[in-house]
1. Using only the alpha-carbon atoms of the range 1-107 as identical scatterers, what base-10 log of I(q)/I(0) does the Debye formula give at q = 0.13 Å⁻¹?
2. Expressed as a fraction of 2.2 N^0.38 Å, the rule-of-thumb size for a compact globular protein of N residues, what is the C-alpha radius of gyration of the range 172-269?
3. Can you give me the long-range amide H partners of residue 35? Hydrogens built in the peptide plane at 1.01 Å from N, cutoff under 5 Å, separation of 5 or more residues or another chain.
4. Of 190, 126, 144, which is farthest towards the positive pole of the range 119-218's charge dipole, taken about the Cα centre with +1 and -1 on the beta-carbons of Lys, Arg and Asp, Glu respectively?
5. For the chain, what is the calculated [θ] at 222 nm in deg cm²/dmol (nearest 500), taking -39500 (n - 2.57) for each run of four or more DSSP H residues and dividing by its residue count?
6. Only counting other Cβ atoms within 10 Å, I'd like 42, 69, 168 sorted with the fewest neighbours first.
7. Could you tell me what a quarter of the Cα convex hull surface of the range 124-224 works out to, in nm² with one decimal place?
8. Excluding residues fewer than 8 places away in the same chain, name every one of the lysines whose C-alpha is closer than 21 Å to that of residue 186.
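None of the figures in this text is laboratory data; all of them are computed from the coordinates on show. Just so it is clear, the model here is predicted, and its values are computed rather than measured. Please note: Cβ atoms are built from the backbone with ideal geometry, for glycine as well, and neighbour counts cover all protein chains shown.
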Amino acid sequence: MLIEESYKDIATKDGGNMRVYTWHPTVPNYPKAKFPGVVVFSEIYQVTGPVARFAKQIAGQGYIVAAPSSYHEFTGPEPLEYDGPGTDKGNDWKVAKKLAAYDEDAELSVSLLLSLETCNGRIGATGMCLGGHLAYRCALDKRVSAAVCYFATDIHSQTLGAGKNDDSLARAKDIKGELVMIFGKKDNHVPPEGRDLIRKTLHEAGICFSFFEAAWAQHAFIRDESSKGRYDPGLTKICFEILLELFNRTLRSDLGPRVGGEQEIEDVC
């Protein structure tokens, strides 16, 4: 499917502007075609080449994709470099930005997608690293039906944003859509006890979720540039199929309202 790329600068409460990059699928001779929307949140380097390629892959499957520039309070929309200074800036700004500002970015991005005549009204979210955490927080918005969070950092430690005291796990019960959490077992950014805490919290909160841990994967294993030897194309493909399964089922299909509680499972072979 062909896609059209553009961007929109959106006013924020602090008087600034946030650039949101968009990729829109097109079908020749069908200008009124409607598609689901997906917010893609970037890692600490903003919307880099790997993030843009990830967004384009999703858009090419028939989703309108919006990717906000997370550090608009501190710099322009341009991506940071995958080097020492770029990493230092990204990590510094990650904990300098207010948690409420992250949530405002998510709310504005969802609202932008829903304002489009070509959006079918169903929204998903995804992201990697910092963006995985932001996709999780985006799912706190009841307008979001599904989220796929790749190696989401800082959820287990509650250290996102100014003051390093986020409430992401504490608010787990606010999530009404379906989640997929993806980690590598060799991810030293989110250690085993952190992953166990996330899984346990989601389970106890009654969230509908899937939890995947790839045996040999490290942090940032889907990043196809400057991954320091961690990029795994085969595993990346499998995870993308997981993403498509969730989004195709929850965002494309008209399932109607959810009714009833837990499904009763028969004890049969």
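1. The Cα Debye sum returns log10 ratios of -0.50.
2. Normalised by 2.2 N^0.38 Å, the Cα Rg of the range 172-269 equals 1.28.
3. Here 119, 120 satisfy the definition.
4. Comparing the listed Cα positions along the dipole, 144 ranks first.
5. Numbers: 6 runs with 78 residues, N = 269.
The helix-only estimate for the chain comes to -9000 deg cm²/dmol at 222 nm.
6. 69, 168, 42
7. Numbers: hull surface 23.8 nm².
The directionally averaged projection comes out at 6.0 nm².
8. Once the sequence-local lysines are set aside, what remains near residue 186 is 200, 228, 237.
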